[in-house]
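Asker: The structure under discussion is supplied below as C-alpha cells; questions concerning it will follow.
The values are calculated or read from the model by the stated rules, or taken from the named source; none is laboratory data. Because the structure is a prediction, the values reported are computed rather than measured. Glycine also receives a Cβ, built like all others from the backbone with ideal geometry; neighbour counts cover every protein chain displayed. Side chains are part of the model used for accessible areas, which takes the heavy atoms of the whole protein and leaves out ligands, DNA and RNA. Shrake-Rupley method; radii C 1.70, N 1.55, O 1.52, S 1.80 Å.
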Amino acid sequence: MQTTTAVNWQAIREDFPILHQEVHGKPLIYFDSAASSQKPRAVIDALRHYYEHDNANVHRGLHVLSTRATEGYEAARAKVATYLNAVSADEIIFTRGTTESINLVANTWGTKFLRAGDVILLTEMEHHSNLVPWQLLAERTGAVLRFVPVGDDGTLTLGALDSLLTREVKLFSFTHISNSLGTINPVADLCAAARAVGAVSLVDAAQSAGHCPVDVQALGCDFLALSGHKMCGPTGIGALYGRAELLDAMPPWHGGGEMILSVNYERSTFKKAPGKFEAGTPNIADAIGLGAAIDYLEGIGRAAIFEHDTQLAAYAQRQLEELPGVRVLGPKERAGLVGFVMAAAHPHDLTTYADQYGLALRGGHHCNQPLMRKMGLPGTTRASFYFYNTKEEIDRMMEILDNAVRFFA
C-alpha cells in the first residue's frame, strides 16, 4: 500500500488529550492500542454534542430531538457501510463489538443452518471471541471444529487447506490480523477458497478495520466483524457486516421492541435487516461516536496509517531482536504490533516493571490461550502501535527493556 500524501504525525498526537500526561512521574507511552485505542477530540466532542443537544430515542419519536438522534444514528450506519464498501447500509448491524457480532452469527445463522457432522473451520491463531462461540454452537448442534495450523514462523500452514477445507465445511471463520503475532492473513484468498467448497466465510477484522483499507466486496467475505474501540471509537459499539441474502435468511436473535413489524399475543412478525437484529434502544451515542471516528480515520487515510504502523513495528522488531534474552514471535512481514518473550521475566512481571516508567504494554495470553499452549508459553509481552505513536517512544521503550534485562537477571 503506497501513500501519496505526507502526514504530520506529530501534529496528530495533539488530537489525543490522554497522551499528554505522566504516569508514575514519567511521560505516558501508550503501546496497547491492540487492546483498545485512544480517542481523538473529534470523537469526544461528538459524544458530548449528542448528549448536550440531540439526546432522545431513535426511530419512534415525532419530535425534533428524536429526529436528530435518528438521523445521526443512521448516518453512522451509512458511514460504516461506506468505510467497508458494503453494497447497502442495510448490511450493517450495530453490535457491542466483534465478540457480539460473532455470537450473533453463531446464534442465528449457525443455529438455523448447521447440523450434526457439519464442520466449522477456524485457525489456531484465533482470539477467544472467534473460538468460544463456535465451541458453544458445536455443542448445541453436533457440528465439528477443525483448525488450520500455525507454523513456527507465525503464519498459517496454507498447504493444509486442501485436506481441511472440504465439502463438509459449512463455515470458515478466521482473523484478518493476529492480535498476538501480528500476522496478516491472505483474507481474499481464504474467502475464495471457502466459496469454492460452498462454505460461508466470516472475517474477524478487530485488528484490521482501523489500521488498513478493508473492502468487503474485494475480500469476498460473507460476514465481517469489527470493534469501534480499536479504531478510535467509543467502547461498547461495533458492527457486523453481512451479505443481504444471508441476513434475510437468518432469524432474529434478541426479541423486544424496535425489531418488530407486528405483535399479537400468539406471534410476531419482524423487520428486515438490520432492524430485526437491533432489539430495544440501541447504543445511539456510541454509534454516532463511531461515525465520528470513521470520519477522523478517513481524514488521515488508512493506507497512510497502515504504512506508519507497520514501519513502527518493523523498527521495534529489529531492536527487540538485538536485546539479550528476548525472542520476538511472529513473521517478519507484520501488522503494527510485536509480541515477545524475555527469558528472565514473566510477561506480567515485565509489564508491571514497564508501567513504573510510564510504558503501557500488555502482558499475558491475549485471549489466545490455545495458541500460547501450542507455543509452550505462559504468555507474551505485546507492544502495539497506532498512528499517534512515534519512533522516539520506541527508543524509550528499548531503554526501559534494556534496564529490565539487567533488573530481572
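Residues are listed down the side, and each one gets a yes or a no for (1) hydrophobic (A, V, I, L, M, F, W, C); (2) closer than 28 Å to Cys367 by Cβ; (3) free of Cβ contacts under 8 Å to residues at least 24 places away in the same chain:
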{"site": "Gly72", "(1), (2), (3)": "no, no, no"}
{"site": "Tyr83", "(1), (2), (3)": "no, yes, no"}
{"site": "Val87", "(1), (2), (3)": "yes, no, no"}
{"site": "Ile92", "(1), (2), (3)": "yes, yes, no"}
{"site": "Val105", "(1), (2), (3)": "yes, yes, no"}
{"site": "Ala116", "(1), (2), (3)": "yes, no, no"}
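Asker: Looking only at the stretch 161-173, which residues are among the hydrophobic types (A, V, I, L, M, F, W, C) and either modelled with pLDDT under 95 or open to solvent by less than 20 Å² (accessible area, probe 1.4 Å) (or both)?
Answerer: Answer for the stretch 161-173, where residues must be among the hydrophobic types (A, V, I, L, M, F, W, C) and either modelled with pLDDT under 95 or open to solvent by less than 20 Å² (accessible area, probe 1.4 Å) (or both): Leu165, Val169, Leu171, Phe172.
Asker: Residues being in a loop (DSSP other than H, G, I, E, B) and either within 12 Å of Arg382 (Cβ to Cβ) or among the small types (Gly, Ala, Ser) (or both): count how many of those fall in the stretch 347-367.
Answerer: Counting residues in the stretch 347-367 that are in a loop (DSSP other than H, G, I, E, B) and either within 12 Å of Arg382 (Cβ to Cβ) or among the small types (Gly, Ala, Ser) (or both) gives 5.
Asker: Looking at the stretch 257-281 only, could you name the residues that are closer than 23 Å to Gly110 by Cβ and open to solvent by less than 40 Å² (accessible area, probe 1.4 Å)?
Answerer: Within the stretch 257-281, Met259, Ser268, Ala273, Pro274, Gly275, Lys276, Phe277, Glu278, Ala279, Gly280 meet the criteria.
Asker: Give the residue, chosen from Val7, Val80, Val58, that is under 30 Å from Cys221 (Cα atoms) and not in a strand (DSSP E or B).
Answerer: Val80
Asker: Does the stretch 51-73 contain any residue that is under 28 Å from Phe306 (Cα atoms) and not hydroxyl-bearing (Ser, Thr, Tyr)?
Answerer: No; the residues of the stretch 51-73 include none that is under 28 Å from Phe306 (Cα atoms) and not hydroxyl-bearing (Ser, Thr, Tyr).
Asker: Also: Tally time: how many residues in the stretch 368-381 are open to solvent by 10 Å² or more (accessible area, probe 1.4 Å), in contact (Cβ under 8 Å) with a residue 12 or more places away in the chain and part of a loop (DSSP other than H, G, I, E, B)?
Answerer: Within the stretch 368-381, residues that are open to solvent by 10 Å² or more (accessible area, probe 1.4 Å), in contact (Cβ under 8 Å) with a residue 12 or more places away in the chain and part of a loop (DSSP other than H, G, I, E, B) number 2.
Asker: Could you please let me know if Arg362 is open to solvent by 60 Å² or more (accessible area, probe 1.4 Å), of a type in the set (D, E, K, R) and farther than 22 Å from His20 by Cβ?
Answerer: No: the conditions fail for Arg362.
Asker: Next up: Within the stretch 318-341, is even one residue polar (S, T, N, Q), exposed (fewer than 15 other Cβ atoms within 10 Å of the Cβ), modelled with pLDDT of 95 or more and closer than 24 Å to Lys26 by Cβ?
Answerer: no
Asker: Also: Restricting attention to the stretch 59-70, does a residue exist that is more than 22 Å from the chain's Cα centre (by Cα), of a type in the set (Lys, Arg) and modelled with pLDDT under 95?
Answerer: Yes, the conditions are met somewhere in the stretch 59-70.
Asker: Among all residue pairs at least 6 apart or on different chains, which show Cβ distances below 8 Å where the first residue, located in the stretch 9-29, is touching a residue at least 12 places away in the same chain (Cβ under 8 Å) and the second is assigned to a helix (DSSP H, G or I) and open to solvent by 80 Å² or more (accessible area, probe 1.4 Å)?
Answerer: Cβ pairs passing all conditions: Asp15/Arg41; Phe16/Arg41; Pro17/Arg41.
Asker: Picking from His49, His24, which residue would you name as being exposed (fewer than 14 other Cβ atoms within 10 Å of the Cβ) and either of a type outside the set (A, V, I, L, M, F, W, C) or touching a Lys or Arg at 6+ places or on another chain (Cβ under 9 Å) (or both)?
Answerer: Going through His49, His24 in turn, just one is exposed (fewer than 14 other Cβ atoms within 10 Å of the Cβ) and either of a type outside the set (A, V, I, L, M, F, W, C) or touching a Lys or Arg at 6+ places or on another chain (Cβ under 9 Å) (or both): His24.
Asker: Across the stretch 286-317, which residue is surrounded by the most Cβ atoms within 10 Å (Cβ to Cβ) among those that are closer than 14 Å to Tyr386 by Cβ and of a type in the set (A, V, I, L, M)?
Answerer: The qualifying residue surrounded by the most Cβ atoms within 10 Å (Cβ to Cβ) is Ala293.
Asker: Report, ordered by the first and then the second residue, all pairs with beta carbons closer than 7 Å, sequence separation of six or more or different chains, a first member in the stretch 151-179 that is on the phi > 0 side of the Ramachandran plot, and a second member that is open to solvent by 20 Å² or more (accessible area, probe 1.4 Å).
Answerer: Short answer, once both residue conditions are applied: Gly154/Gly330.
Asker: A follow-up question, please. Quick check on my filter: what residues within the stretch 196-215 are surrounded by fewer than 22 Cβ atoms within 10 Å (Cβ to Cβ) and in a loop (DSSP other than H, G, I, E, B)?
Answerer: Val197, Gly198, Cys212, Pro213, Asp215, listed by residue number.
Asker: Right, another one. For the stretch 18-50, which positions are within 23 Å of the chain's Cα centre (by Cα) and assigned to a helix (DSSP H, G or I)?
Answerer: Listed by number, the residues that qualify are Ile18, Leu19, Arg41, Ala42, Val43, Ile44, Ala46, Leu47.
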